[in-house]
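One structure coming up, written as C-alpha coordinates, with questions to follow.
The values are calculated or read from the model by the stated rules, or taken from the named source; none is laboratory data. Quantities reported herein were computed from a predicted structural model and do not represent experimental measurements. No Cβ is skipped: glycine too gets one built from the backbone with ideal geometry, and neighbour counts run over all protein chains shown. To get the accessible areas, we keep the full protein, side chains included, count just its heavy atoms, and leave off ligands, DNA and RNA. Shrake-Rupley method; radii C 1.70, N 1.55, O 1.52, S 1.80 Å.
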Amino acid sequence: MVNILVVDDNESIRKLMTTYLIRDGYHVFAASDGLKALEVLDTEHIDLMIADIMMPNMDGYTLTEELRGSRHDLPILMITAKETFADKKKGFLVGTDDYMVKPIDFDEMLLRVHALLRRAKISNEHRIVIGEVILDYETLTITTPAETFILPKKEFYLLFKLLSYPQKIFTRQDLMNEIWGLDHDTDERTIDVHIKRLREKFDGFEEFKIVTVRGLGYKVEKLI
(Lines give C-alpha, C1' and ligand atoms only; values in the text may rest on other atoms or scores of the structure.)
Protein backbone atom coordinates (compact mmCIF):
# COMPACT_ATOMS: atom_id res chain seq x y z
CA MET A 1 0.00 0.00 0.00
CA VAL A 2 1.22 3.51 -0.85
CA ASN A 3 1.94 5.77 2.13
CA ILE A 4 0.90 9.44 1.82
CA LEU A 5 1.74 12.19 4.29
CA VAL A 6 -0.77 15.04 4.63
CA VAL A 7 0.64 18.21 6.21
CA ASP A 8 -1.82 21.00 7.04
CA ASP A 9 -2.45 23.02 10.20
CA ASN A 10 -6.20 23.17 9.45
CA GLU A 11 -7.60 20.08 11.15
CA SER A 12 -10.82 20.02 9.09
CA ILE A 13 -8.98 20.12 5.78
CA ARG A 14 -6.46 17.58 7.02
CA LYS A 15 -9.26 15.17 7.98
CA LEU A 16 -11.07 15.67 4.66
CA MET A 17 -7.92 14.96 2.65
CA THR A 18 -7.24 11.91 4.78
CA THR A 19 -10.78 10.59 4.27
CA TYR A 20 -10.64 10.94 0.49
CA LEU A 21 -7.20 9.35 0.28
CA ILE A 22 -8.15 6.39 2.49
CA ARG A 23 -11.28 5.82 0.39
CA ASP A 24 -9.02 5.70 -2.65
CA GLY A 25 -6.92 2.95 -1.09
CA TYR A 26 -3.97 4.86 0.37
CA HIS A 27 -2.43 4.59 3.83
CA VAL A 28 -2.30 8.11 5.28
CA PHE A 29 -0.10 9.78 7.88
CA ALA A 30 -0.96 13.31 9.06
CA ALA A 31 1.01 16.23 10.52
CA SER A 32 -0.03 19.73 11.55
CA ASP A 33 3.18 21.53 10.52
CA GLY A 34 6.55 21.02 8.85
CA LEU A 35 8.40 20.01 12.00
CA LYS A 36 5.90 17.26 12.78
CA ALA A 37 6.09 16.17 9.14
CA LEU A 38 9.85 15.71 9.46
CA GLU A 39 9.28 13.51 12.52
CA VAL A 40 7.00 11.27 10.45
CA LEU A 41 9.47 11.18 7.57
CA ASP A 42 12.23 10.14 9.97
CA THR A 43 10.36 7.02 11.01
CA GLU A 44 8.06 6.05 8.13
CA HIS A 45 8.47 5.19 4.46
CA ILE A 46 6.47 7.94 2.69
CA ASP A 47 5.76 7.73 -1.05
CA LEU A 48 4.13 11.14 -1.58
CA MET A 49 3.53 14.27 0.50
CA ILE A 50 0.68 16.77 0.28
CA ALA A 51 1.64 19.98 2.09
CA ASP A 52 0.05 23.32 2.87
CA ILE A 53 2.27 26.42 2.64
CA MET A 54 1.13 28.67 5.47
CA MET A 55 1.76 26.70 8.69
CA PRO A 56 3.25 27.51 12.11
CA ASN A 57 6.75 26.39 13.17
CA MET A 58 7.82 25.38 9.65
CA ASP A 59 5.93 26.35 6.49
CA GLY A 60 5.54 24.31 3.33
CA TYR A 61 8.25 26.16 1.42
CA THR A 62 10.82 25.51 4.14
CA LEU A 63 9.72 21.90 4.56
CA THR A 64 10.05 21.23 0.84
CA GLU A 65 13.42 22.98 0.67
CA GLU A 66 14.64 20.97 3.66
CA LEU A 67 13.62 17.68 2.06
CA ARG A 68 15.18 18.46 -1.30
CA GLY A 69 18.35 19.62 0.43
CA SER A 70 18.62 16.25 2.17
CA ARG A 71 17.98 14.38 -1.11
CA HIS A 72 14.43 13.26 -0.38
CA ASP A 73 12.97 12.81 -3.86
CA LEU A 74 9.41 11.82 -2.95
CA PRO A 75 6.71 13.58 -5.04
CA ILE A 76 5.29 16.70 -3.33
CA LEU A 77 1.89 18.27 -4.02
CA MET A 78 1.64 21.78 -2.56
CA ILE A 79 -1.86 22.97 -1.60
CA THR A 80 -2.37 26.57 -0.53
CA ALA A 81 -4.52 29.69 -0.54
CA LYS A 82 -1.61 31.64 -2.09
CA GLU A 83 -2.50 31.85 -5.77
CA THR A 84 -0.21 34.44 -7.41
CA PHE A 85 2.30 33.41 -10.04
CA ALA A 86 5.11 34.50 -7.71
CA ASP A 87 3.84 32.12 -5.01
CA LYS A 88 3.63 29.23 -7.46
CA LYS A 89 7.06 30.05 -8.88
CA LYS A 90 8.56 29.96 -5.40
CA GLY A 91 6.90 26.60 -4.74
CA PHE A 92 8.37 25.05 -7.87
CA LEU A 93 11.78 26.61 -7.27
CA VAL A 94 12.06 25.05 -3.80
CA GLY A 95 11.16 21.67 -5.25
CA THR A 96 7.43 20.95 -5.32
CA ASP A 97 6.17 18.75 -8.16
CA ASP A 98 2.62 20.07 -8.41
CA TYR A 99 0.46 22.88 -7.01
CA MET A 100 -3.22 23.32 -6.15
CA VAL A 101 -5.00 26.43 -4.89
CA LYS A 102 -7.65 26.35 -2.14
CA PRO A 103 -10.53 25.75 -2.10
CA ILE A 104 -9.54 22.46 -3.66
CA ASP A 105 -11.60 19.87 -5.47
CA PHE A 106 -10.77 16.61 -3.70
CA ASP A 107 -11.49 14.49 -6.76
CA GLU A 108 -9.00 16.61 -8.69
CA MET A 109 -6.53 16.16 -5.83
CA LEU A 110 -6.82 12.38 -6.24
CA LEU A 111 -6.19 12.65 -9.99
CA ARG A 112 -3.07 14.70 -9.34
CA VAL A 113 -1.88 12.21 -6.71
CA HIS A 114 -2.38 9.36 -9.20
CA ALA A 115 -0.40 11.24 -11.85
CA LEU A 116 2.47 12.08 -9.48
CA LEU A 117 2.74 8.48 -8.32
CA ARG A 118 2.63 7.22 -11.89
CA ARG A 119 5.41 9.61 -12.89
CA ALA A 120 7.42 8.47 -9.90
CA LYS A 121 6.83 4.86 -11.05
CA ILE A 122 5.34 3.89 -7.71
CA SER A 123 2.62 1.24 -7.75
CA ASN A 124 0.36 0.07 -4.98
CA GLU A 125 3.02 -2.47 -4.09
CA HIS A 126 6.44 -1.19 -3.02
CA ARG A 127 8.93 -2.75 -5.38
CA ILE A 128 12.48 -2.14 -6.47
CA VAL A 129 13.62 -3.90 -9.63
CA ILE A 130 17.32 -4.16 -10.47
CA GLY A 131 17.94 -6.36 -13.47
CA GLU A 132 16.33 -9.69 -12.58
CA VAL A 133 16.28 -8.99 -8.83
CA ILE A 134 12.96 -7.82 -7.32
CA LEU A 135 12.55 -6.45 -3.78
CA ASP A 136 8.92 -6.59 -2.60
CA TYR A 137 8.22 -4.38 0.43
CA GLU A 138 4.87 -6.02 1.20
CA THR A 139 6.23 -9.56 1.48
CA LEU A 140 9.77 -8.74 2.66
CA THR A 141 11.10 -10.89 -0.17
CA ILE A 142 13.97 -10.61 -2.61
CA THR A 143 13.35 -12.68 -5.72
CA THR A 144 15.87 -13.79 -8.33
CA PRO A 145 15.37 -16.22 -11.24
CA ALA A 146 16.93 -18.94 -9.10
CA GLU A 147 15.73 -18.24 -5.54
CA THR A 148 13.44 -16.23 -3.26
CA PHE A 149 14.84 -14.84 0.00
CA ILE A 150 12.49 -13.98 2.87
CA LEU A 151 14.33 -11.58 5.16
CA PRO A 152 13.74 -10.51 8.77
CA LYS A 153 12.01 -7.11 8.83
CA LYS A 154 14.99 -5.01 9.92
CA GLU A 155 17.33 -6.58 7.40
CA PHE A 156 14.85 -6.07 4.56
CA TYR A 157 14.06 -2.46 5.54
CA LEU A 158 17.78 -1.69 5.75
CA LEU A 159 18.51 -3.06 2.29
CA PHE A 160 15.36 -1.49 0.80
CA LYS A 161 16.36 1.91 2.20
CA LEU A 162 19.87 1.69 0.80
CA LEU A 163 18.64 0.53 -2.62
CA SER A 164 16.01 3.29 -2.72
CA TYR A 165 18.83 5.85 -2.79
CA PRO A 166 21.78 4.26 -4.65
CA GLN A 167 25.09 6.08 -4.12
CA LYS A 168 23.68 8.07 -1.18
CA ILE A 169 25.79 7.68 1.96
CA PHE A 170 23.82 6.94 5.12
CA THR A 171 25.41 7.26 8.54
CA ARG A 172 24.71 4.55 11.09
CA GLN A 173 22.63 7.09 13.01
CA ASP A 174 20.58 7.89 9.87
CA LEU A 175 19.78 4.23 9.43
CA MET A 176 19.04 3.66 13.12
CA ASN A 177 16.59 6.59 13.16
CA GLU A 178 14.94 5.46 9.92
CA ILE A 179 14.48 1.78 10.76
CA TRP A 180 14.50 1.55 14.55
CA GLY A 181 12.86 4.97 15.15
CA LEU A 182 13.98 8.13 16.91
CA ASP A 183 13.30 6.70 20.37
CA HIS A 184 15.41 3.57 19.93
CA ASP A 185 17.91 2.58 22.59
CA THR A 186 19.78 0.15 20.33
CA ASP A 187 23.52 0.46 19.84
CA GLU A 188 24.64 1.71 16.41
CA ARG A 189 26.81 -1.39 16.06
CA THR A 190 23.54 -3.24 15.38
CA ILE A 191 23.71 -1.72 11.89
CA ASP A 192 27.11 -3.35 11.32
CA VAL A 193 25.69 -6.73 12.37
CA HIS A 194 22.75 -6.40 9.96
CA ILE A 195 25.02 -5.24 7.12
CA LYS A 196 27.26 -8.27 7.73
CA ARG A 197 24.24 -10.58 7.46
CA LEU A 198 23.10 -8.90 4.23
CA ARG A 199 26.56 -9.24 2.74
CA GLU A 200 26.65 -12.92 3.62
CA LYS A 201 23.45 -13.38 1.61
CA PHE A 202 24.00 -11.02 -1.32
CA ASP A 203 27.71 -10.32 -1.78
CA GLY A 204 27.80 -12.53 -4.86
CA PHE A 205 25.04 -10.60 -6.64
CA GLU A 206 25.96 -8.95 -9.94
CA GLU A 207 23.22 -6.31 -9.58
CA PHE A 208 24.39 -4.35 -6.51
CA LYS A 209 26.83 -4.28 -3.65
CA ILE A 210 26.86 -2.70 -0.19
CA VAL A 211 29.85 -0.41 0.28
CA THR A 212 31.39 0.75 3.55
CA VAL A 213 32.33 4.45 3.42
CA ARG A 214 35.10 4.77 5.98
CA GLY A 215 34.30 7.19 8.77
CA LEU A 216 30.80 7.87 7.45
CA GLY A 217 28.57 4.83 7.04
CA TYR A 218 27.17 2.78 4.16
CA LYS A 219 25.83 3.09 0.64
CA VAL A 220 24.70 0.78 -2.15
CA GLU A 221 26.16 0.81 -5.63
CA LYS A 222 24.12 -0.51 -8.54
CA LEU A 223 26.33 -2.59 -10.80
CA ILE A 224 24.06 -2.81 -13.85
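Within 10 Å, count the other beta carbons around each residue, average over each peptide in 107-117, 143-153, 84-94, and list them highest first. Walk me through the intermediate numbers first.
Values: 107-117: 15.8, 143-153: 11.7, 84-94: 13.5.
With the highest mean Cβ count within 10 Å placed first, the list reads 107-117, 84-94, 143-153.
How do the peptides 207-217, 58-68 rank, highest first, by the average count of neighbouring beta carbon atoms within 10 Å per residue? The partial results should precede the final answer.
Numbers: 207-217: 13.5, 58-68: 20.7.
My ranking of the peptides, most packed first, is 58-68, 207-217.
Rolling a 1.4 Å sphere over the protein heavy atoms, what is the accessible area per residue of the chain, to the nearest Å²?
Numbers: 11680 Å² over 224 residues.
It amounts to 52 Å² per residue over the chain.
Carbon-plus-sulfur fraction of the accessible area of segment 1-117, 1.4 Å probe, in percent?
Numbers: 2780 of 5450 Å².
Using a 1.4 Å probe with all protein chains present, segment 1-117 comes out at 51 percent carbon and sulfur.
Moving to a separate point now. Work out the FRET efficiency for PHE106 and THR148 from their Cβ-Cβ distance, taking R0 = 45 Å, and round it to the nearest 0.05.
Working: r = 40 Å, r/R0 = 0.89.
That pair, PHE106 with THR148, gives E of 0.65.
Just tell me which aspartates and glutamates come within less than 20 Å, Cα to Cα, of LYS89; anything on the same chain fewer than 8 places away is out.
ASP52, ASP59, GLU65, GLU66, ASP73, ASP97, ASP98
Provide the percentage of antiparallel DSSP beta bridges, counting only those with both residues in the chain; round to the nearest 5. Don't jump to the answer; show the numbers that get you there.
Details: 18 of 35 bridges.
In the chain, approximately 50 percent of DSSP beta bridges are antiparallel ones.
So how strong a dipole does segment 135-224 carry about its Cα centre when Lys and Arg Cβ are +1 and Asp and Glu Cβ are -1, to the nearest 20 debye? Numbers along the way, then the final one.
On the way: 14 positive and 16 negative charges, 58 e Å.
I would put it at about 280 debye.
For the chain, build the charge dipole from Cβ charges (+1 Lys, Arg; -1 Asp, Glu) around the Cα centre, then report which of HIS194, VAL220, HIS45 sits farthest towards its positive end.
Toward the positive end, the furthest listed residue is VAL220.
Leaving out ligands, DNA and RNA but keeping every protein chain, what accessible area does THR186 have, in Å² rounded to the nearest 10, with a 1.4 Å probe?
My reading of the accessible area for THR186 is about 50 Å².
Lysines near LYS36 by alpha-carbon distance under 23 Å, same-chain residues fewer than 8 away left out - which ones?
LYS15, LYS82, LYS90, LYS102, LYS161
Please state the charge dipole magnitude for segment 121-174, taken about the Cα centre, from unit charges on C-beta atoms (+1 on K and R, -1 on D and E), reported in debye and rounded to the nearest 20.
Details: 7 positive and 7 negative charges, 61 e Å.
Around 300 debye, computed over segment 121-174.
With charges only on Cβ, +1 for K and R and -1 for D and E, what is the dipole size of segment 1-149 about its Cα centre, in debye, rounded to 20?
Working: 16 positive and 26 negative charges, 83 e Å.
With only Lys, Arg, Asp and Glu charged at Cβ, the dipole is about 400 debye.
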